[in-house]
1. Count neighbours as other Cβ atoms within 10 Å of each site's Cβ, and list the trypsin sites (Lys or Arg not before Pro) in the range 59-151 that are DSSP loop with at most 10 such neighbours.
2. Between the DSSP loop rule and a limit of at most 14 other Cβ atoms within 10 Å, which GluC sites (Glu not before Pro) in the range 78-111 are left?
Amino acid sequence: MAVGAAALLLAGCGTADSASVPGHLTATDPPPDRDLPTAEGGPALTCGGLTFAALTLRTGGGEIADLAEPVTEALEDLVRRHPMDRPAGLPERDVSLDDWMLLATEGERGTRRVEIATGEWGEDGPGARAMTVSLEERSDGSWQVVGWGNCATLGPALDPKVSWVEVSAPRGGFDRRSSTLSVWVSERQCASARHPDRFLHEPTVVETAESVTISWTSDDVFSSEPPGVAVTCPGNPVVRRTVALAEPLGDRVVLDGSYWPAREVGAPD
């Protein structure tokens with residue numbers, strides 16, 4: 001999302017003059033439709049699979065009436081076949097409803113997909129051992145696991161034509177007396193080391209009395225390159241950009257809105 005829905009969810013009141021700075025929003029401004037899908041119950045989040053509402057993490061998942069038994073059976077089958085590599089949080093036997101939480105469903109009966117959470121999850125998202133497991137429904141009504149992995153970068157979901165950009169601080173830190181932030185940005189997805197200049201969008205900035213949240217996106221590489229072009233991951237260029245603030249940064253923390261919850265911006269790797 002060119003606009004950080006996560007930032008809007010976490011922000012308090014906007015500074016008095018923030019709306020006068022181009023690209024700025026107050027905490028009460030609605031996110032634009034361009035890049036950010038939303039779901040009932042808050043911004044739509046993803047770990048790279050299906051999307052789910054942020055509220056899911058606070059309410060304990062969705063309705064699982066007809067999914068509880070077949071999904072649990074599929075998970076038991078998984079741990080029998082892969083006892084050493086099973087998803088975090090699943091026991092070696094006797095998997096129960098207490099061991100997983102439904103995050104999202106997609107499709108109609110007979111062609112459905114679900115994504116569940118295992119391991120350490122809380123109201124603010126994944127912990128150190130958080131994982132997601134993807135399952136698909138078979139034609140006979142049973143379910144099978146088709147993949148699982150860590151959820152290290154939970155973030156607001158984006159329109160498929162855009163991708164998140166990583167925001168980093170200069171190595172010497174920010175000039176806290178200035179109302180202009182100097183930041184480093186780089187595309188997060190594999191992009192064949194293309195120079196990001198012509199693909200970067202304008203950032204959206206949410207200012208409060210305690211924080212400045214920057215949400216930045218770029219054109220998705222698969223949407224902006226010709227069909228069939230092979231994409232490689234040699235590392236993406238990091239470029240310097242400036243962000244105008246309504247007032248000097250002061251003691252406020254700078255956050256990257258591409259994560260949920262938004263993360264404090266650190267120095268580039």
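Read-outs: derived from the displayed coordinates by stated rules, not from any lab. Computed from a predicted model, the values in this text were never measured in an experiment. Reconstructed Cβ throughout: ideal geometry from the backbone, glycine too, with neighbour counts over all protein chains shown.
1. The qualifying sites are ARG93, ARG109.
2. On the way: sites: GLU92, GLU106, GLU108; in loops: GLU92, GLU108.
Filter output for the range 78-111: GLU92, GLU108.
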